[in-house]
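In what follows, a single structure is set out as structure tokens and then discussed.
The values are calculated or read from the model by the stated rules, or taken from the named source; none is laboratory data. Since the structure is predicted, the reported quantities are computational estimates derived from the model, not experimental observations. Backbone-built Cβ (ideal geometry, glycine too); neighbour counts: all protein chains shown.
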Amino acid sequence: MDTTWILFVTPILLCTLIFYCRNKLSLKLKSKHRNQLPLGTLGLPFIGETIEFVSCAYTDRPESFMNKRRAMYGKVFKSHIFGSPTIVSTDADVNKFILQSDAKLFVPSYPKSLMKLMGESSILLINGTLQRRIHGLIGAFFKSQQLKIQITTDMEKYVQESMANWKEDQPIYIQDETKKIAFYVLVKALISLDPGEEMELLKKHFQEFISGLMSLPINLPGTKLYQSLQAKRKMAKLVRKTIEARRNKGITEVPKDVVDVLLNDTSERLTDDLIADNIIDMMIPGEDSVPVLMTLATKYLSECPAALQQLTVRHEENIQLKKLKDQLEEPLCWSDYLSLPFTQRVITETLRMGNIINGVMRKALKDVEIKGYLIPQGWCVFANFRSVHLDEKNYDCPYQFNPWRWQNKEMNSYNFSPFGGGQRLCPGIDLARLEASIFLHHLVTQFRRYNSELPNSKNEKKDAHRSKKSGNLSCLSSQKFEATSTY
Ligand code: HEM
């Protein structure tokens with residue numbers, strides 16, 4: 001029998017079905033909610049506007065996706081990305097409402113492959129009392145004096161070791177260097193592992209693991225997602241070994257790392273698998289967000305001689321502090337670093353301009369109305385921080401790196417939310433700022449910028465070099481800046 005007709009009829013039938021379903025969905029929404037849904041378009045069937053969203057994300061202006069729609073539809077608009085109808089908010093008040101809402105209104109929702117890799121018990125995905133419990137335990141430990149002292153010692157050690165190896169006339173890939181440093185520091189804080197064979201193995205599996213965070217949601221042998229899940233399984237095995245050894249040893253009164261903190265919890269809801277999964281997920285900022293912060297700060301400083309000068313010239317804060325501590329023969333302590341006001345402003349401005357985390361995604365559990373906009377039940381909502389941070393109504397000349405703008409400006413408004421907010425406010429804020437401060441202090445007190453020209457991207461590998469005491473900071477900084485965060 002000739003079956004070629006099937007080839008022609010099937011696509012027609014499929015298309016008809018898709019359009020019928022879409023029209024029904026849209027009619028249902030219109031009749032239920034009249035005009036309350038934000039303006040915007042759902043784009044193509046199934047893929048929606050994902051292709052444009054992703055292609056903008058890979059340019060140096062990822063916010064162009066938002067800006068174009070914002071100009072047409074307003075600060076809050078509807079779209080269809082990563083397989084879900086989505087309300088995108090570039091409005092600080094709407095973002096604040098979303099971040100401050102609890103799990104009765106919104107739950108975290110991310111692309112499928114990301115959720116699968118994080119695992120059901122990841123703190124980034126769980127809700128209610130369990131999330132609050134883990135958040136509280138981790139947050140308190142990350143704020144503790146004892147951990148800050150340890151982080152400062154480790155950070156100084158690894159920064160010095162790394163910088164001692166920066167060879168003259170060789171390019172320095174700041175992001176690679178800072179990845180190594182921050183990963184070692186964080187893994188030590190999480191499971192007390194020191195550099196060595198086991199650390200290298202963990203790092204190898206970890207790199208395989210994160211390479212699949214933004215993959216297609218197909219879990220078959222050979223796919224990126226499959227390989228990432230395998231790598232996570234191997235890491236979980238290594239971490240579980242540590243957990244079992246600690247369980248056998250018994251509870252420690254003063255926790256020395258996050259494993260101890262979670263094991264000491266008496267609620268009995270924290271299983272070994274949950275602890276292992278969360279330890280692995282918490283390695284992500286160590287390998288990703290914190291190094292991106294340090295790399296971007298270096299890049300912005302090298303492009304802004306006035307700011308660099310304020311950090312380094314004679315009598316300025318970093319040099320003064322170094323001199324004082326050298327005279328007293330004392331090492332710098334964590335509060336010294338956090339007390340450097342201009343360094344803190346440089347970090348704040350880097351967070352604003354760099355947008356290491358573009359925003360957070362949630363799913364509405366019921367119809368929610370905010371500022372007259374409706375977010376229908378089952379829809380995703382993307383609270384976009386980037387557009388708020390780069391809005392000229394909130395910041396004069398938003399694309400200009402200007403640490404001085406923070407001199408008399410409040411940081412605790414939702415016009416500035418690089419670490420999120422509400423119940424899920426990043427518990428790693430202090431650590432991230434401390435690590436970046438230590439790195440910048442050593443960079444600017446050991447290296448000097450002598451060349452105001454940045455090498456262009458073609459020649460940058462060839463040209464980039466540094467020489468101790470007269471190093472070219474701009475060359476040091478100009479590598480791999482397109483890297484973005486994965487959660
Ligand atoms: C520049 C560095 C960092 C940035 C920009 C950043 C940003 C964020 C943001 C925006 C959130 C909120 C996610 C949400 O609401 O769904 C978050 C959550 C979180 N961050 Fe960070 N982070 C950074 C560093 C760190 C560090 C060093 C750690 C330490 C391990 C850390 C651990 C966490 C954890 C555990 C959560 C989940 C909190 C929860 O859902 O209860 N972060 N981070």
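Considering (1) surrounded by fewer than 16 Cβ atoms within 10 Å (Cβ to Cβ); (2) part of a loop (DSSP other than H, G, I, E, B), the lone condition that Gly136 does not fulfil carries the number (2).
Taking region 270-302 as the range and being away from the ligand (no atom under 15 Å from the Cβ) and assigned to a loop (DSSP other than H, G, I, E, B) as the test, only Thr271 passes. For region 244-261, the tally of residues that are modelled with pLDDT of 90 or more and more than 16 Å from Lys188 (Cβ to Cβ) stands at 2. Cys397 satisfies every condition listed in (1) on the phi > 0 side of the Ramachandran plot; (2) at pLDDT below 95 except (2). Residues of region 119-141 include at least one that is touching a strand residue (DSSP E or B) at 6+ places or on another chain (Cβ under 7 Å) and not polar (S, T, N, Q). Do we find that Asn384 is under 21 Å from Met115 (Cβ atoms), within 13 Å of the ligand (Cβ to nearest atom) and crowded, with 20+ Cβ neighbours inside 10 Å in this structure? Criteria met by Asn384. Looking only at region 235-256, residues that are in contact with a helix residue (DSSP H, G or I) (Cβ under 6 Å, 6 or more places away or on another chain) and not aliphatic (A, V, I, L, M) come to 5 in all. Residues of region 176-200 that are under 20 Å from Asn264 (Cα atoms) and of a type in the set (D, E, K, R): Lys188 alone.
Looking across Glu168, Glu156, Glu161, one residue alone is surrounded by fewer than 21 Cβ atoms within 10 Å (Cβ to Cβ) and part of a loop (DSSP other than H, G, I, E, B). It is Glu168. Is it the case that region 412-424 has a residue that's in a helix (DSSP H, G or I), at pLDDT 50 or above, within 13 Å of the ligand (Cβ to nearest atom) and surrounded by fewer than 18 Cβ atoms within 10 Å (Cβ to Cβ)? The answer is yes, given that some residue of region 412-424 is in a helix (DSSP H, G or I), at pLDDT 50 or above, within 13 Å of the ligand (Cβ to nearest atom) and surrounded by fewer than 18 Cβ atoms within 10 Å (Cβ to Cβ). Only residues that are part of a loop (DSSP other than H, G, I, E, B), under 18 Å from Val54 (Cβ atoms) and in contact with a Leu (Cβ under 8 Å, 6 or more places away or on another chain) were counted in region 72-121, giving 1.
Taken together, Ser113, Ser109 contain a single residue that is crowded, with 19+ Cβ neighbours inside 10 Å and more than 11 Å from the ligand (Cβ to nearest atom), which is Ser113. Against the definition (free of Cβ contacts under 8 Å to residues at least 60 places away in the same chain, among the β-branched types (Val, Ile, Thr) and within 14 Å of the ligand (Cβ to nearest atom)), how does Ile243 come out, yes or no? Criteria not met by Ile243. Flag: Leu321 matches the condition of being buried (at least 16 other Cβ atoms within 10 Å of the Cβ) and assigned to a helix (DSSP H, G or I). When each of Leu328, Leu374 is tested for being away from the ligand (no atom under 16 Å from the Cβ) and farther than 20 Å from Arg70 by Cα, the lone residue that passes is Leu328.
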